[in-house]
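K.L.:
Shown below is the structure under consideration.
The values are calculated or read from the model by the stated rules, or taken from the named source; none is laboratory data. Every value quoted in this text rests on a predicted model; they were computed, and no experiment measured them. Virtual Cβ from ideal backbone geometry, glycine too; neighbours counted across all protein chains shown. Note: accessible area is taken over every heavy atom of the protein model, side chains too, but ligands, DNA and RNA are not part of it. Shrake-Rupley method; radii C 1.70, N 1.55, O 1.52, S 1.80 Å.
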Amino acid sequence: MALVTYQEQDAFSLITLDDGKANALSFAMADGLDSALDQGFESGKVIVLAGRPGKFCAGFDLNVMGKMDADSQRLLRRGADIAGRLAHSQTPVIAAVTGHALAMGALICLSVDYRLGCRGAFKLGLNEVAIGMTLPWFGIELAQERVIEAHAHQVVTLARIYDPEGAAEAGILDACCAPENLMAEAASTAQHFAALDMPSFAATKARLREGFASRWDTAMARDFG
């Protein structure tokens, strides 16, 4: 079973995460996602990143992260590098947030250009503090860049978990729709973004994110030396 699939559409590239379970970011899923992003960025098209129904991404694989060893640090670095690729992408990336998005799943939401969630009994947020982990510096930078200031302390320090509508208010998502409409809405949004001039998009995004880019480099150095 492929954990990550890549399909090229007329106006966008679709990357789907599906491990048949919680969509935890393991080494294998990171490998698949990196490979799919290579293809997507090579195509130069808008990217839609989706999960499986009900589960976008439940965070890192706790079987690895729970050991607190060299492999844990290596997987953390893989997640940070993926977040960095998404945050600095030169074509728009849309997250079709198909359900729960916790920890690294929420950080992926904070990394992409546009986040479309679906209504339902889904949990979204940074739960690291609640499970005995300190949010890494790269996560702090993503939260400071994208989370609405009035919610930042609750999201980061108090590990508040939101439903999709609340996540949109907090800045973890941009919009919500009915679950049955999610992929059609994501495709329509991708077609709209595909009409942008991509060199202008990349240059303007780089100007907007110039301060973030500098802080990101500092955060990565603090997290990984």
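K.L.:
Given a cut-off of under 8 Å on Cα pairs at least six residues apart, what relative contact order in percent is computed for the chain?
P.N.:
Worked out over the chain, it gives 19 percent.
K.L.:
Moving to a separate point now. Across all directions of projection, what mean area in square nanometres is found for the Cα convex hull of segment 1-115?
P.N.:
6.4
K.L.:
Sticking with this one: Could you list, bin by bin from short to long, the percent of Cα-Cα pairs of segment 75-160 in 10 Å steps?
P.N.:
17, 52, 29, 1
K.L.:
I need the semi-axes of the equivalent ellipsoid of segment 114-170: take the C-alpha gyration tensor, multiply each eigenvalue by 5, square-root it, list largest first in whole angstrom.
P.N.:
That gives 19, 14, 10 Å for the three semi-axes.
K.L.:
Follow-up. If you filter segment 119-200 for trypsin sites (Lys or Arg not before Pro), then keep DSSP loop positions with at most 12 other Cβ within 10 Å, what is left?
P.N.:
In loop regions of segment 119-200 (DSSP not H, G, I, E or B), there are no sparsely surrounded trypsin sites (Lys or Arg not before Pro).
K.L.:
With all distinct Cα pairs included, what does the Kirkwood hydrodynamic radius of segment 41-98 come out to in Å, to one decimal, could you say?
P.N.:
Roughly 13.1 Å, rounded to one decimal.
K.L.:
Can you show me the helix-derived [θ] at 222 nm for the chain, built from DSSP H runs with n ≥ 4 at -39,500 (n - 2.57) apiece and divided by the number of residues, rounded to the nearest 500.
P.N.:
-15000 deg cm²/dmol
K.L.:
Let me ask you something else. How much of His151 can a 1.4 Å solvent probe reach, expressed as accessible area in Å² and rounded to 10?
P.N.:
30
K.L.:
Would you work out if segment 89-212 is rounded, prolate or oblate? Take a ≥ b ≥ c from the square roots of the eigenvalues of the alpha-carbon gyration tensor; rounded if a/c is under 1.5, else prolate when a/b is larger than b/c, oblate otherwise.
P.N.:
oblate
K.L.:
Still on this model: Enter the accessible area per residue of the chain (Å², integer; probe 1.4 Å; all protein chains in place).
P.N.:
Using a 1.4 Å probe on heavy atoms only, each residue of the chain averages 45 Å².
K.L.:
I need the Debye-formula profile for segment 174-225: one equal scatterer per C-alpha, no solvent, reported as log10 I(q)/I(0) at q = 0.14, 0.26 1/Å, two decimals.
P.N.:
So the normalised log intensities work out to -0.65, -0.91.
K.L.:
If DNA, RNA and ligands are ignored and the probe is 1.4 Å, what is the ranking of Met104, Met133 by accessible area, most exposed first?
P.N.:
Ranking Met104, Met133 by accessible area, largest first, yields Met133, Met104.
K.L.:
Taking a probe of 1.4 angstrom, what is the accessible area of Glu165 in Å², to the nearest 10?
P.N.:
The value for Glu165 is about 80 Å².
K.L.:
Here is a further query. Take the solvent-accessible surface of the protein heavy atoms, probe 1.4 Å, and return the percent of it on the chain that carbon and sulfur atoms account for.
P.N.:
On the chain, the fraction of accessible area on carbon and sulfur atoms equals 52 percent.
K.L.:
Once ligands and nucleic acids are excluded and a 1.4 Å probe is used, how much of Arg115 is accessible, expressed in Å² to the nearest 10?
P.N.:
My reading of the accessible area for Arg115 is about 10 Å².
K.L.:
In whole Å, how far is the Cα centre of segment 1-36 from that of segment 83-136?
P.N.:
Spelled out, the Cα-based centre of one part sits 15 Å from the other.
K.L.:
Going by a ≥ b ≥ c, the root eigenvalues of the Cα gyration tensor, does segment 155-203 fall in the rounded group (a/c under 1.5), the prolate group (a/b larger than b/c) or the oblate group?
P.N.:
oblate
K.L.:
Computed from the mean reciprocal separation of all distinct C-alpha pairs, what Kirkwood hydrodynamic radius does the chain have, in Å?
P.N.:
With all distinct Cα pairs of the chain included, I get 17.3 Å.
K.L.:
Quick one: which residues, 5+ away or cross-chain, put their amide H under 5 Å from the amide H of Thr98? H built at 1.01 Å from N.
P.N.:
Long-range HN contacts for Thr98: Gly51, Phe56.
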